1. For a quick check: sort I191, I127 by the number of other beta carbons within 10 angstrom, fewest at the front.
2. Cα axis of helix 282-292 to longest principal axis of the chain: angle in degrees, 0 to 90, nearest 10?
3. Report, in debye and to the nearest 20, how large the dipole of the stretch 202-391 comes out about its Cα centre when Lys and Arg carry +1 and Asp and Glu carry -1 on their Cβ.
4. For Kirkwood radius over Cα pairs in Å, several values are listed as [x] 27.1; [y] 22.7; [z] 21.9; flag the one computed from this structure.
5. Taking the highest mean first, how do the peptides 81-93, 100-112 order by number of other beta carbon atoms within 10 angstrom per residue?
6. How would you rank S284, S133, going from fewest to most other Cβ atoms within 10 Å of each one's own Cβ?
7. Under 23 Å Cα to Cα from K355, which lysines show up? Leave out anything in the same chain fewer than 8 places away.
8. Going by Cα centres, the stretch 274-342 and the stretch 348-378 are how many Å apart?
Amino acid sequence: MQVRRKQKIDKYFGYLLITLLLPFTRLLGITMRRDHSTQTAPRRILFIKLMGLGSLVVASDALAALKARWPETRFTLLTDDNIAAGAAPFGLFDEIYPVRTDNLWATFTSMIGFLGRSWQWRRLWVIDLEVYSKLTTVLALLTGARNRFGFYLSLVPFRKYLNTLHIRFDQSAFLEDNYHYLIREVAGGEIELPVPPVREAEYDKPYILVNNTCSGLAYVRKLPEPAFLQICQWILQHTHYGLAVLGGPEDGEDIRRFIENDPVLARNSDRIVNVAGTIRDFGSYYRFLQEKGVCLVTIDSGPLHMARKLGLPTVSVWGPTDPNNYLKVSAREEGRHLVQYLGIACSPCVHRYEKLPCGGNNSCMKEITAAAVIARIKELLDRLASPRRLSAPAVSSPHPV
């Protein structure tokens, strides 16, 4: 199913079910007077995240902290089958239930089957990690879980009556902070978040990783191909690094043509890895990023958040989304995550407007020049080279930038 079609189904069918269920839910809440206290840890927590592997990666540190707090609680994830493959290597979840979302009938039947299973679970809590979905709120309600946690937007307050603990989602804050606040409320106190791993000899890794792919929903975040091509050419012509082009399996053929159709890239094909065409499983994908990448140059998409979790330095390019909402850099990571963002008047717009101000023309990305991004890459490489210069004899750098 196309993303826009999924959104329409979620909106209209979700509102219909909410209208039907809300009166009964409020009536049952008044008459049953269930105990919704959170002092005792649950036997199982069901996390619902049907779209967006990147945001699940952002939430993963908070989930890991909750797992450390309640090691005996079983963590179960209900998610899209593509996200399931990406979430498994985290090792956070005891069970992952993949759901097909590419076919309406398959989605419906798998959800019915899942609900039948969930009704057998005792001392179940549900945490809905979706922010904008109506149907996931309904799904959480239909599990019959005693405690149901989720976000609500000030403009869409219906969840305040369907969830038992509701956290206002602050669109002006970092996404990461919203997830952390939600999990703190679930845990009933402060949680200790893990820190990114320290990478050894990262300046000596063989590849600069580049990514210009994203989900269908986020296509307006992409750099125009000419600018992306110039960045790739510069890396090959002005550094000794190889080039690793990231993407999902569905991007492999497009990336192959992208490489073959440009003389500079084709001439240096022995220094280029088409990751989308060669690495099929997420475990190998994460290991490649961590072990082979000196840094990542990317638009705002899932690989950016994966890189941050792995401790990989990044140069990120932003347009219809604002890095001040999605890229929280700690003091210990200062200077390791550089940003190129123009902040034009209509940005940010994604997730805030159904109809984008530019009509999908993504002028905020088209106005970003390759030269500006290259300047950020030079700056990051220079920062990464600094420790080597301090500890090595005074010789000229082998890295012409």
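Laboratory data are not the source of any read-out in this text; all were calculated from the coordinates shown. In this text, all values refer to a predicted model and were calculated from it rather than measured experimentally. FYI the Cβ positions are ideal-geometry reconstructions off the backbone, even for glycines, and counts take in every protein chain you see.
1. Ascending Cβ contact count within 10 Å gives the list I191, I127.
2. Roughly 40 degrees between the two axes.
3. 420 debye
4. It is the one labelled [y].
5. Result, highest mean Cβ count within 10 Å first: 81-93, 100-112.
6. In increasing order of surrounding Cβ atoms, one gets S284, S133.
7. K6, K8, K11, K134, K222, K366
8. 17 Å
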